[in-house]
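Remarks on the structure that follows.
The values are calculated or read from the model by the stated rules, or taken from the named source; none is laboratory data. Since this is a predicted model, take the numbers as computed values, not measurements. Note: ideal-geometry Cβ built from the backbone for every residue, glycine included; neighbour counts use all protein chains shown. For accessibility, only protein heavy atoms count, side chains too; no ligands or nucleic acids. Shrake-Rupley method; radii C 1.70, N 1.55, O 1.52, S 1.80 Å.
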Amino acid sequence: MKVTEKKSAPIGVFDSGVGGLTVMREISRQLPCENIIYFGDTARVPYGSKSQNNVIRFSEQIIRFLQTKQVKAIVIACNTASALALESVQERFAVPIIGVVIPGARAAVEVTQNRKVGVVGTDATVQSGMYTKVIHKMAPDIVVLEKACPLFVPLVEEGFKEHVVTEEVIEYYLDSLRNTEIDAMILGCTHYPLLRSKIRAFMGDKIQIVNPAYETAMDLKKLLKQQGIENDGAAGECKRYEFYVSDAAEKFRKFANTVMPFDVPTTNVVNIEEY
């Protein structure tokens, strides 16, 4: 592939469902010229309850599908797949692949002043202890407090972001964390940035909220620049977005239109088991 072709080649972004749209949204903000292909594995969501072998198998199938679209880089916009499959797929595929856990963990390590960090995530993310492991690899002295907030995802997906019940659930889950000494908190699920302003209002100004979606977009920007394959718009093709799912395309499209800053006209269904 010529350099100009590679520059205009799309970035692949995938998630177990709709949550990774927050990562795609951030990439489209921070890298406004890039073409992006999104795949949501809506037939097999959630990944959190699946074995590591299955998460790796699903991720490999999706990457093979994205490779048919000539992607130049891939972002695993899913905390579970980032934790369980990233190393395996990086070894197996030649295309550059990054996840969301390492950028989020690194940002928290950089911003914490008192070496106490909170992590909120799904049951599966918290039980895996993945953020604690990654943070301790970077800085063994940091105390990490993880808290599962399983109701955040259904509240977001059912359109209850602005509802009073969401504020009550935030208080219910985060009251114990608010009364600790943490000064940084990672939103360890891709749905949670959609509740960021409400979480910030409850936790107060003394706590830095880390959004791994933003940090991942910045890491991607750095990666493309290092490899000389960022889209500068010179090749003409710019801001082309395509959406694919493994099931329930219309439901996905409706939700995508509440997240993305542009209209999502069509979503295509792919039989991902064929890959």
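A few remarks follow.
- Check on Thr80, hydroxyl-bearing (Ser, Thr, Tyr), open to solvent by 10 Å² or more (accessible area, probe 1.4 Å) and within 18 Å of the chain's Cα centre (by Cα): yes
- Meets criteria (within 16 Å of Gly20 (Cα to Cα) and not assigned by TED's automatic domain parsing to the domain that holds Val18) for Leu145: no
- Summed over region 155-164, residues that are in a helix (DSSP H, G or I) and either open to solvent by 50 Å² or more (accessible area, probe 1.4 Å) or among the small types (Gly, Ala, Ser) (or both) total 2.
- Pairs with Cβ under 8 Å, 6+ apart, first in region 194-220 and in the same structural domain as Glu181 (by TED's automatic domain parsing) and touching a residue at least 60 places away in the same chain (Cβ under 8 Å), second open to solvent by 40 Å² or more (accessible area, probe 1.4 Å) and assigned to a loop (DSSP other than H, G, I, E, B): Leu194/Lys161
- Residue list for region 108-144, restricted to those being open to solvent by 50 Å² or more (accessible area, probe 1.4 Å) and at positive phi: Arg115
- For Phe58, the criteria (1) at negative phi; (2) not in a helix (DSSP H, G or I) hold in every case but one, which is (2).
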